[in-house]
Structure formats: C-alpha cells, structure tokens
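**Student:** Before anything else, here's the structure in question.
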Amino acid sequence: MKFVQCTPTDVATLQQISRETFYDTFVGTTPEEDMANFLDEAYAEEKLVAELRNPQSTFYFLRNDKEQVVAYLKINVGDAQTEDMGEDTLEVERIYVRKAYQKQGLGKLLMNEAFKQAELKHKTNVWLGVWEHNTNAIAFYEKKGFQKFSEHAFVIGDDTQIDWLMKCAVE
C-alpha cells in the first residue's frame, strides 16, 4: 500500500470514490432523493477541484500494489477546517475505505497518515466529526484515543443528523 497526494488531475477518481464510499456508508439512513442531491452537490467536479486547489486542504489516495485506489483521506488546517478549531489543530474531514477493502487495517493506515501530517505541520490536536449512529467508526476512533468534545448538525436535504466532534492529542 502507498499514499499518493491528489492533484486536480485526479478529480474524476476522487469524485468516483467519494460518491461510492459515502453512499455505501450511509445508504438507508436518509431518503434516497436527499442522498442523491447531497452526492451531486458535495462531490460536484468544480467543488472538488476547488478543494484540491486549496493549500490548506490535502487529499491522499491509498493505492494497493495493483495501483487501485482502495481508500482516501482528506485533511484540513487553518481556515479550511469545517469548524473554527484554531491554528494548532488538524481536521480529518474524510476518511473512507472502499467496501471490498474494509476490515483489513486500512483505516488505521489512513489515521496514522493523518497523525504523521499533523506532526509535520506542528499541530497539537487532530479532530473529526462522525455521525452519532456510526458505532463502528466511533469505536475505531475511541480505540485510536479520540474523545467526544462537542457535536454539530450535518444536513442532508431535509434530514438533519448529529455528528459527534471528537479529538485526540498529537503525541
């Protein structure tokens, strides 16, 4: 497995894995029309290109030995963070593994990369938001040392869900 930093030329692959992994993770939790609209808006090509060009956001693909993209990670610092957490923090905004590659330790690799980047950027904390009913993800984050410190609303169409905000110190 190897990490590859994404560039705007990767937008089609990023769009595909983003839509696929979000859908696979949350299908059945929100009305289908709301899901379709969210996927179209959140992962629109022009929006992803803008995110890829933002110097305070970084995407990484995790590729296997066949060069297939099996997972991806998006981290944010500074003003790119989805909540104002200060200059000493790094946000893990997206951490997704394709369904066929789950339960193989790839989430751990992605999270280790996030913490490596936090150290390189001299950040003291890593934080993220996770849907309150995503018990598998919450258990994974807690095992990595994350603790809930707040929550916020995450809106998909007419469906308002609650995300837990969790953080962990960079050691």
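The values are calculated or read from the model by the stated rules, or taken from the named source; none is laboratory data. All of these numbers come straight from a predicted model, not from anything done at the bench. So basically every Cβ, Gly included, is an ideal-geometry build from the backbone, and we count neighbours across all protein chains shown. Each accessible area value is taken on the protein alone, full model and side chains, heavy atoms only, with ligands, DNA and RNA left out. Shrake-Rupley method; radii C 1.70, N 1.55, O 1.52, S 1.80 Å.
**Student:** Can you say whether Gly86 is open to solvent by less than 30 Å² (accessible area, probe 1.4 Å), more than 22 Å from Leu62 (Cβ to Cβ) and either not β-branched (Val, Ile, Thr) or not in a helix (DSSP H, G or I) (or both), as far as the supplied structure shows? Before you say what the answer is, go through the steps one by one.
**Tutor:** Values: open to solvent by less than 30 Å² (accessible area, probe 1.4 Å): yes; more than 22 Å from Leu62 (Cβ to Cβ): yes; either not β-branched (Val, Ile, Thr) or not in a helix (DSSP H, G or I) (or both): yes.
So Gly86 passes the test.
**Student:** Search region 1-23 for residues that are closer than 18 Å to Leu110 by Cα and pair each with any residue that is open to solvent by 60 Å² or more (accessible area, probe 1.4 Å) and not polar (S, T, N, Q) when their beta-carbon atoms are under 8 Å apart and the residues are at least 6 apart or on different chains.
**Tutor:** From residues that are closer than 18 Å to Leu110 by Cα, the pairs are Met1/Asp65; Met1/Leu109; Thr21/Lys99.
**Student:** Okay, next question. Among the numbered conditions (1) modelled with pLDDT of 95 or more; (2) farther than 15 Å from Lys74 by Cβ, tell me where Trp131 comes up short.
**Tutor:** Against the list (1) modelled with pLDDT of 95 or more; (2) farther than 15 Å from Lys74 by Cβ, Trp131 comes up short only on (1).
**Student:** Yes or no: Asn125 over 25 Å from Met35 (Cβ atoms), among the polar types (S, T, N, Q) and in contact with a Lys or Arg (Cβ under 6 Å, 6 or more places away or on another chain)?
**Tutor:** yes
**Student:** What's the total number of residues in region 51-67 that are under 21 Å from Thr21 (Cβ atoms) and at pLDDT 95 or above? First the steps, then the outcome.
**Tutor:** First pass over region 51-67, keeping only residues under 21 Å from Thr21 (Cβ atoms): 51-52, 54, 57-67.
Retained after the next criterion (residues that are at pLDDT 95 or above): 51-52, 54, 57-63.
Result for region 51-67: 10.
**Student:** Has region 89-97 got at least one residue that is aromatic (Phe, Trp, Tyr) and assigned to a helix (DSSP H, G or I)?
**Tutor:** Here is the first cut: in region 89-97, the residues aromatic (Phe, Trp, Tyr) are 96.
Then keep just the ones that are assigned to a helix (DSSP H, G or I); that gives none.
No, region 89-97 contains no residue that is aromatic (Phe, Trp, Tyr) and assigned to a helix (DSSP H, G or I).
**Student:** Is it true that some residue in region 83-91 is within 13 Å of the chain's Cα centre (by Cα) and modelled with pLDDT of 95 or more?
**Tutor:** yes
**Student:** Could you check, for region 64-75, whether at least one of its residues is open to solvent by 70 Å² or more (accessible area, probe 1.4 Å), out of contact with any strand residue (DSSP E or B) (no Cβ under 9 Å at 6 or more places or on another chain) and over 29 Å from Leu120 (Cα atoms)?
**Tutor:** no
**Student:** I need every pair where a residue in region 28-40 that is under 16 Å from His133 (Cβ atoms) and open to solvent by less than 70 Å² (accessible area, probe 1.4 Å) has its Cβ under 8 Å from the Cβ of a residue that is of a type in the set (A, V, I, L, M, F, W, C) and part of a helix (DSSP H, G or I), sequence separation at least 6 or different chains.
**Tutor:** Thr30/Phe38; Met35/Phe26
**Student:** Step by step: first the residues of region 111-141, then only those that are touching a residue at least 40 places away in the same chain (Cβ under 8 Å) and assigned to a loop (DSSP other than H, G, I, E, B), then the one that is nearest to Gln161 (Cα to Cα). Which residue is that?
**Tutor:** His133
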